[in-house]
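Enquirer: Pasting a structure here, questions to come.
Values in this text are rule-based calculations from the coordinates and carry no lab data. Keep in mind that this is a model prediction, so the values were computed, not measured. Positions of Cβ are generated from backbone atoms using ideal geometry, with glycine treated the same way; all protein chains shown enter the neighbour counts.
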Amino acid sequence: MKTFDEALEEKLKDLPYTPHLDDVGYNDGVIDGFELGAEWASTSPELINEILTKYRQWAENLPANIFDKWGKEEDDYEKTKERIRKEFIEYLNNSE
């Protein structure tokens, strides 16, 4: 199984070069890549379904208080969201 990041990276490599968006002229192309990646992901229900299924499986197997623990450790809502995303991606990468 490909992780979402791997699938997104593969799809982004197939996209045409966009001057001033894909180079250092505009946030290293990140904005353009994320917008196009989000558009692609929204048309790939199988991939979205796979990610949501894996997330549910992962979350169900975590101790009940782990999200609260991470929230206290990070002490910031946005940092906690980033931590949860990072932990989930690590789980995906290790589950293959």
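Enquirer: At 0.36 nm per residue, minus the direct Cα-Cα distance, what do residue 86 and residue 44 gain on full extension? Give it in nm, one decimal, please.
Expert: 12.9 nm
Enquirer: Now, a different point. Using the basic label-point model (7 angstrom from Cα toward the beta carbon), what is the residue 94 to residue 64 distance in nanometres?
Expert: 2.4 nm
Enquirer: Full-extension gain between residue 52 and residue 14, please, as 0.36 nm times their residue separation minus the C-alpha to C-alpha distance.
Expert: Contour length minus the Cα-Cα distance gives 11.2 nm.
Enquirer: Going through the cross-link list 11/69; 11/86; 13/86, which pairs have a Cα-Cα distance over 26 Å in this structure?
Expert: 11/69
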